[in-house]
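The values are calculated or read from the model by the stated rules, or taken from the named source; none is laboratory data. Only a predicted model underlies this, so the values are computations on that prediction, with no experimental measurement involved. Cβ: placed from backbone, ideal geometry, glycine included. Neighbour counts: every protein chain shown.
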Amino acid sequence: MTGGARPGAGRRELTYAVLLSLAGAGLALWAATRTWSVELTVRPTPLPPERTTHSGGGLLPWLPALAVVGLAGGGAVLATRGRLRQLLGALLALLGVAVAVGGGYGLLAGFAGAVNRQWPALCLLGGLMAAAGGLLTALRGRGWPAMGARYERPSRVEPAGPVAAPSGPVAGRRTTEAWDALDRGEDPTVS
């Protein structure tokens, strides 16, 4: 951190961005699976009317899919760093805007039957939250801390001295010898 930035500011911003993205995408996914409209079809006299419900995902099939991608992207913010994290943030912002547009369409569209406007409104709110998290990541994410080295794959280090050639299958009874053989690339089960 440079200038007057506080030491924990980057970590706090990262937390806010991830929580905004995950909460927004989760809210949008939940709202997209609720009933947005109920259509009643009148049938002949002794039969009651037929009730057909439509969820947000049934009316706009792409909406829950984008919300799931937003959930995955919100988690991926933690695993990325630098320019890749900023690019991911821009993508999350676009996904959030698309989800918000779907919620806005659900608010304004004239679906058949009785329409419940609360679920499209929550979908709109979730999309805006996810877009805000993505925008925060795109603008500020480059300087945020990354995961520690313990999460990275260790590099293969060649030994400095001569290495004894493998002598065939492991003959010992100890479990550690079998694990050591696996570490050397040998199959301890081959006789």
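Some values worked out for this structure:
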{"quantity": "Matching entry among ARG51, ARG83, ARG43 (being surrounded by fewer than 13 Cβ atoms within 10 Å (Cβ to Cβ) and closer than 30 Å to ARG11 by Cβ)", "calculated": "ARG83"}
{"quantity": "Candidates ARG117, ARG43, ARG12, filtered to the one that is within 13 Å of GLY133 (Cα to Cα), free of Cβ contacts under 8 Å to residues at least 40 places away in the same chain and charged (D, E, K, R)", "calculated": "ARG12"}
{"quantity": "Residue match in the stretch 172-182 (condition: modelled with pLDDT of 75 or more, in contact with a helix residue (DSSP H, G or I) (Cβ under 7 Å, 6 or more places away or on another chain) and surrounded by 10 or more Cβ atoms within 10 Å (Cβ to Cβ))", "calculated": "no"}
{"quantity": "Qualifying residues in the stretch 31-40 (those that are modelled with pLDDT of 85 or more and aliphatic (A, V, I, L, M)) - the one surrounded by the most Cβ atoms within 10 Å (Cβ to Cβ)", "calculated": "ALA32"}
{"quantity": "Count of the stretch 102-133 residues which are under 18 Å from the mean Cα position of the chain (by Cα) and of a type in the set (Gly, Ala, Ser)", "calculated": "6"}
{"quantity": "LEU71 vs. criteria in contact with a Cys (Cβ under 9 Å, 6 or more places away or on another chain) and either part of a helix (DSSP H, G or I) or closer than 25 Å to GLY126 by Cβ (or both)", "calculated": "no"}
{"quantity": "Test: residue in the stretch 121-128 that is at pLDDT 95 or above, surrounded by 24 or more Cβ atoms within 10 Å (Cβ to Cβ) and over 18 Å from VAL38 (Cβ atoms)", "calculated": "yes"}
{"quantity": "Neighbours by Cβ (under 9 Å, 6+ apart or cross-chain): first from the stretch 122-145, in the same structural domain as GLY73 (by TED's automatic domain parsing) and on the phi > 0 side of the Ramachandran plot; second surrounded by 19 or more Cβ atoms within 10 Å (Cβ to Cβ) and of a type in the set (S, T, N, Q)", "calculated": "none"}
{"quantity": "Hits in the stretch 6-30 - residues which are under 17 Å from LEU78 (Cα atoms) and surrounded by fewer than 14 Cβ atoms within 10 Å (Cβ to Cβ)", "calculated": "GLY8, ARG11, ARG12, THR15, LEU19"}
{"quantity": "Test result for VAL68, surrounded by fewer than 24 Cβ atoms within 10 Å (Cβ to Cβ), out of contact with any strand residue (DSSP E or B) (no Cβ under 9 Å at 6 or more places or on another chain) and either among the aromatic types (Phe, Trp, Tyr) or more than 20 Å from ARG12 (Cα to Cα) (or both)", "calculated": "yes"}
